[in-house]
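Student: One structure, pasted below without further comment.
The values are calculated or read from the model by the stated rules, or taken from the named source; none is laboratory data. From a predicted model like this one, the values you see are computed outputs, not experimental measurements. Counting neighbours? That spans all protein chains shown, and the Cβs are built from the backbone with ideal geometry, glycine included. Surface areas here come from the heavy atoms of the whole protein model, side chains and all, with no ligands, DNA or RNA. Shrake-Rupley method; radii C 1.70, N 1.55, O 1.52, S 1.80 Å.
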Amino acid sequence: MPEHYPSIGEAIGAAMQHNIRLAHGPTAEPLQIRYFPPPAADPYSMPGMISRLEVTASPQEVAGIIEEATSALVGPLPQLTELVAASADWARARLDFDNVHGNPALNVWARLAAAQQMLAQAQQELEAAIDTVAMLPAALSDPRHHGMVQVLRTRELLHDVMGAERAETVPDAKRQQAALSHSPGANSSRATSRQAAASASAAAPAPAAPPAARPADHTR
């Protein structure tokens, strides 16, 4: 059964390690197929809500998405706020004010506490914007107004780069060929092959010219 990587970093790391193994020879174990589920698989997850937040969405739908993100029960923003608060409490349990030369735990706690306060403030701002979002017009405004304000979304998430659909599985032979073509020694090997081919073509004898046609005999 296919498995899902718990994070983008682990997925990229596994792909890099697999390409390195392919470049140095066949793999001892077959690669277990893993992939990220598409956003449509869970429309209430963070990737799913981002994919639903297009500029053509209705104001009511956008207000509903923001309300889902700030829900006290399953909203990702309150969960992230609680996670940062728990991290700050973890650092709090390691404070040591008897150390006169410094207290690194205090620095960590201060940063985490500040992040928790900013997340709580973001929660309040989003909750205050829900009613206003629902009252916005559904039609898009003239594009000449759009350039007055910068775009905030970076679109650097994995599904924006690779697409929502899972790519077809490439055979091991093609994957190994692709890995070898991008390996450090691939360029030198190709250059050596081209030089050998050029030398062989230069040393080969020129093809013989076709025999001249004989004039036809004319009977007088």
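Student: For the full complex of protein chains and a 1.4 angstrom probe, list 155, 21, 52, 92 by accessible area with the highest value first.
Tutor: 92, 155, 21, 52
Student: Then there's this: Let me check I've understood the local charge: for residue 65, count other residues with C-beta under 12 angstrom from its C-beta, Lys and Arg +1, Asp and Glu -1. What total comes out?
Tutor: -3
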